[in-house]
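Right, one structure below, let's go through it.
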């Protein structure tokens, strides 16, 4: 059996390689439906790895908070991202807003009124964040996200 075939079979048995990064970023639900002109909520579920925290908005000027940035599209208008209540960590007498446990970000979008029933809009974007443990902060990371919206 040729080597590439063996490697392909092994990859199927083992499954996909673990995603790099210090948090698992999952858009949900992947498929959404709504009427033209409707406001929809898209979610990003974030699960920091054990011992890791990511920064929340309001963390201070030296920290990079987690954000959702949607790619511009004529078919929808993004709203502001809603964040859950953060936790407070103290670093060298400084209080910092962080997320250490699993949490959900909510990204509202409004569909354009001109969309026709049956149309599909693929919403894409990027989640940017910086992860740290109690000893080191890692370089900023990005994770792609996408949702498919069916206009009903």
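Once the Cα-Cα distance is subtracted from the 0.36 nm per residue extended length, the residue 106 to residue 47 segment shows a gain of 19.8 nm. Listed from fewest to most Cβ neighbours within 10 Å, the set 22, 53 follows the order 22, 53. On the basis of the beta-carbon distance and an R0 of 30 Å, residue 126 and residue 89 show a calculated FRET efficiency of 0.75. A simple spin-label model places pseudo-atoms 7 Å from Cα toward Cβ; at residue 136 and residue 69 they are separated by 2.5 nm. Only helices enter the 222 nm calculation for the chain: every DSSP H run of n ≥ 4 contributes -39,500 (n - 2.57), and dividing by all residues gives -2500 deg cm²/dmol, rounded to 500.
The numbers here are math on the coordinates, done by the rules we state, and not lab data. The model shown is predicted, which means the values in this text are computed figures rather than measured ones. All Cβ positions, even for glycine, are placed from backbone atoms using ideal geometry, and neighbour counts span all protein chains on display.
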